[in-house]
Amino acid sequence: MSLNEELQHHLQLRKGDVGRYVLLPGDPGRCEPIAALFDDAAHVMSFREYTTWTGTLNGEKVSVVSTGIGCPSSAIAVEELIKLGADTFIRVGTSGAIQPNTPDGSLAVVSAAIRDEGTSSHYLPIEFPAIADPQVVDALAEASRRLGLTHQVGVSQSKDSFYGEVEPERMPMAEHLKDRWAAWMGGGAICSEMEASTIFIIASIHRVRAGGVMQMHSGEGEVNRGDLLNAAVESLRVLIDADRSESQWP
Amino acid sequence: MSSSETNDRQYHIQVAPGEVGRYVFLPGDPGRTEPIARLFDEPRLVAKNREYETWSGYLDGELVSVTSTGIGCPSAAIAMEELVKVGADTFIRVGTSGSMQPDIKPGTLGIISGAIRDEGTSSHYLPIEFPAVADIDVTRALTLGARAMERPFKVGISQSKDSFYGQHEPGRMPIAKRLADRWDAWMAGGAICSEMEAAALYIVAATLGVRAGGVMMILGHHDMSPMTPEEQAAGSLDNLLPSAVAGLRTLIEADRKAAA
């Protein structure tokens with residue numbers, strides 16, 4: 001295989017550029033603040049919406065790679081990262097709260113995701129559940145507890161249309177969108193974002209671990225973004241320690 | 001709740017409030033309820049109607065129950081709906097299932113973290129895109145139970161199907177190719193076993209705001225090849241039920257700690 005073939009087409013990364021543990025924000029601008037929480041962080045690459053930083057945590061190589069918004073670009077990122085040897089993914093980002101009385105800025109540890117998007121159906125029939133790895137779910141809950149952060153474990157809606165969620169009334173299919181939103185709420189879904197379901201489905205197929213932590217916005221107030229980033233980074237420490245002890249989950 | 005309602009027995013399961021605990025095992029087979037109840041302290045038969053047989057007893061001083069669901073999601077959904085109406089809020093599906101991976105041997109316990117909604121019932125509750133996912137606390141407890149009993153186990157996704165013979169004899173169905181293609185897709189997705197109730201139980205639990213999980217004895221082989229006598233012995237329910245009970249004890253203890 002030539003070097004060119006080893007170069008991943010969209011991420012522009014080669015083997016060794018990333019660790020097995022990867023945080024996945026949507027926004028390329030969020031990579032640097034996350035990497036600032038790593039030891040020895042260095043910028044590796046920026047190409048299209050994909051920005052990559054790599055550093056260490058507890059002496060283990062870890063990375064943060066932005067996915068861009070939505071499942072299509074996230075699927076590409078995860079596929080190429082798996083080719084490079086990554087096997088543990090944590091989606092980190094912002095989301096809308098679905099349930100009433102959700103504390104603004106509290107964290108959602110995503111246990112599974114509603115496949116309200118088009119990408120994951122290119123992989124598996126729609127009946128297949130998009131679920132997070134239970135060990136990653138537990139690690140994120142443990143990290144939130146350690147940091148004293150308000151959090152809940154639950155289901156996320158992964159949608160393809162941002163404005164279909166926030167301005168459904170102006171869409172030609174307004175009633176359909178509103179009915180389905182009511183159903184997601186009735187099913188107990190806690191937050192709405194745009195990437196988790198596809199990341200979970202691709203992880204299932206490749207037998208790698210994935211999970212997600214989302215900060216939930218329910219109002220107009222400012223929230224402390226540091227809580228989200230700290231929880232994500234702390235969960236990697238939990239997983240790194242568990243993996244080193246080679247103990248089976250839980 | 002009014003006194004007339006509290007005296008009401010539920011339409012299908014014929015159970016009244018107070019007769020079951022908040023924790024309920026859900027086997028498919030009515031004949032399996034008594035062997036499970038024998039693992040409780042002070043087991044007693046509560047009700048028996050259609051495919052629904054209910055026993056209650058105690059584990060570590062906590063009232064617990066077992067109710068059979070019959071085969072399939074339609075009757076399982078009815079059982080859960082009515083059990084929630086009489087006070088149950090935590091469900092553990094127990095039963096047998098078929099292996100879906102070459103490296104999963106008969107006798108392995110499948111702890112069901114999520115289920116493929118390859119059935120009709122759960123779509124009467126939520127659109128098909130919604131994930132049928134087990135409660136993480138129940139899944140963790142069942143995993144600890146299997147480990148305590150030193151049973152081989154695997155945490156993963158089950159296929160919840162409506163047609164037993166569509167799985168076991170797909171070649172004779174008019175939609176044979178579709179059944180085979182989808183089986184291949186479930187395997188490629190990493191599904192570990194095939195059974196007939198988990199998806200609807202998990203979706204109904206989500207809509208009712210209660211907890212559900214499941215532990216299945218995995219039998220057979222992913223390619224339907226026959227089991228050896230040793231493999232059949234490994235698949236005995238005696239290798240499943242003590243682990244399920246140990247898991248529930250773990251959950252009861254964790255719930256008591258959380259409440260304290």
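The values are calculated or read from the model by the stated rules, or taken from the named source; none is laboratory data. Just so it is clear, the structure is predicted and the values come from calculations on it, not from any experiment. Note that each Cβ is placed from the backbone with ideal geometry, even for glycine, and that neighbours are counted across all protein chains shown. Keep in mind that these areas ignore ligands, DNA and RNA; they rest on the heavy atoms of the full protein, side chains included. Shrake-Rupley method; radii C 1.70, N 1.55, O 1.52, S 1.80 Å.
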Give the Rg/Rh ratio for the range B:6-77, taking Rg as the radius of gyration of the Cα atoms and Rh as the Kirkwood radius, to two decimals.
0.95
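From the alpha carbon gyration tensor of the range B:137-187, can you work out the equivalent ellipsoid semi-axes (sqrt of 5 times each eigenvalue) and give them in Å, largest to smallest? Present the calculation step by step, with values, prior to reporting the outcome.
Details: eigenvalues 214, 22, 17 Å².
Semi-axes from the Cα gyration tensor: 33, 10, 9 Å.
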Report, in whole Å, the centroid distance computed from the Cα atoms of the range A:43-66 and the range B:123-184.
36
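Take peptide B:155-165, look around each residue's Cβ out to 10 angstrom, count Cβ atoms belonging to other protein chains, and average those counts.
Taking all residues of B:155-165 together, the mean is 2.
Determine the gain in length on full extension of the stretch A:His9-A:Asp40; use 0.36 nm per residue of separation and subtract their C-alpha separation, reporting nm with one decimal. Display every interim value, and only then the final one.
Details: separation 31, 0.36 × 31 = 11.16 nm, distance 2.63 nm.
Here the segment from A:His9 to A:Asp40 would lengthen by 8.5 nm.
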Gap separating the Cα centres of the range A:88-118 and the range A:123-179, nearest whole Å:
4
Provide B:Tyr202, B:Tyr165 ordered by accessible surface of protein heavy atoms (probe 1.4 Å), highest first.
B:Tyr165, B:Tyr202
What value in Å³ per residue do you get for the convex hull of the alpha-carbon atoms in the range A:111-174?
115
How much net charge surrounds B:Val84 when only the other residues with a Cβ under 13 Å from the Cβ of B:Val84 are counted, with Lys and Arg +1 and Asp and Glu -1?
0
Per-residue accessible area for B:Lys105 at 1.4 Å probe radius, Å² rounded to 10?
110
With each pseudo-label sitting 7 Å past Cα toward Cβ, what's the B:Glu231-B:His124 distance in nm, one decimal?
3.6
Could you tell me the relative contact order of the range B:143-208? Use alpha-carbon pairs under 8 Å, at least six residues apart, and round to a whole percent.
43
So what are the radius of gyration and Dmax for the Cα set of the range A:120-250, in Å?
16.7, 54
Expressed as a fraction of 2.2 N^0.38 Å, the rule-of-thumb size for a compact globular protein of N residues, what is the C-alpha radius of gyration of the range A:60-176?
1.18
Can you give me the Kirkwood hydrodynamic radius for the range B:172-250, using every pair of distinct Cα atoms, in Å to one decimal?
15.4
If the chain between A:Met171 and A:Arg244 were fully extended at 0.36 nm per residue, the gain over the current Cα-Cα distance would be 21.2 nm
How far apart, in nm, are two points set 7 Å out from the Cα along the Cα-to-Cβ line at A:Ala182 and at B:Asp181?
3.6
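Report the far tail of the P(r) of the range A:84-135, meaning the percent of Cα-Cα pairs longer than 17 Å. Don't skip to the answer; put the middle values down first.
On the way: 724 of 1326 pairs.
When every Cα pair of the range A:84-135 is considered, 55 percent fall beyond 17 Å.
Dividing the alpha-carbon radius of gyration of the range B:115-260 by 2.2 N^0.38 Å (N being the number of residues), what value is obtained? Mind showing how you got there, number by number?
Details: Rg = 16.8 Å, N = 146, 2.2 N^0.38 = 14.6 Å.
This ratio for the range B:115-260 stands at 1.15.
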B:Lys257, B:Lys154, reordered so the largest accessible area comes first (probe 1.4 Å)
B:Lys257, B:Lys154
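Expressed in nm², what is the orientationally averaged projection area of the convex hull enclosing the Cα positions of the range B:71-162? Numbers along the way, then the final one.
Values: hull surface 27.1 nm².
Taking the Cα atoms of the range B:71-162, their convex hull projects to 6.8 nm² on average.
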What's the FRET efficiency of A:Ser161 with B:Arg9 using the Cβ-Cβ distance as r and R₀ = 60 Å, to the nearest 0.05?
0.80
Report, ordered by chain and residue number, the aspartates and glutamates lying within cross-link reach of B:Lys105, taken as a straight Cα distance under 18 Å and ignoring same-chain residues fewer than 8 apart.
B:Glu150, B:Glu195, B:Asp223, B:Glu230, B:Glu231, B:Asp238
Set Lys and Arg Cβ to +1 and Asp and Glu Cβ to -1, take the dipole of the range B:19-82 about its Cα centre, and tell me which of B:Cys73, B:Leu26, B:Thr54 lies farthest positive.
B:Cys73
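Give me the mean projected area, in nm² to one decimal, of the convex hull enclosing the Cα positions of the range A:4-99.
Values: hull surface 26.0 nm².
With every direction weighted equally, the projected area is 6.5 nm².
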How big, in percent, is the set of alpha carbon pairs in the protein assembly as shown lying more than 35 Å apart?
34
Would you mind giving the average projected area, over all directions, of the Cα convex hull of chain A in nm² with one decimal?
13.9
Would you rank A:Trp249, A:Trp181 by solvent-accessible area, highest first, keeping every protein chain in place and using a 1.4 Å probe?
A:Trp181, A:Trp249
Which ³J(HN,Hα) values, rounded to whole Hz and listed in residue order, are derived for the range A:223-233 from phi using the Karplus coefficients 6.51, -1.76 and 1.60 in 6.51 cos²θ - 1.76 cosθ + 1.60 with θ = phi - 60°, glycine and proline given as x?
10, 7, 5, x, 4, 4, 5, 5, 5, 4, 5
Between B:Asp41 and B:Glu81, what is the FRET efficiency for a Förster distance of 25 Å, r being their Cβ-Cβ separation, to the nearest 0.05?
0.35
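How large is the Kirkwood hydrodynamic radius of chain B, in angstrom, based on all distinct alpha carbon pairs? Walk me through the numbers before you get to the answer.
Working: mean 1/r = 0.0545 Å⁻¹.
For chain B, inverting the mean 1/r across all distinct Cα pairs yields 18.4 Å.
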For q = 0.13, 0.21, 0.23 Å⁻¹, what log10 I(q)/I(0) does the range B:12-127 give under the Debye formula with an equal point scatterer on each alpha carbon and no solvent?
-0.53, -1.17, -1.31
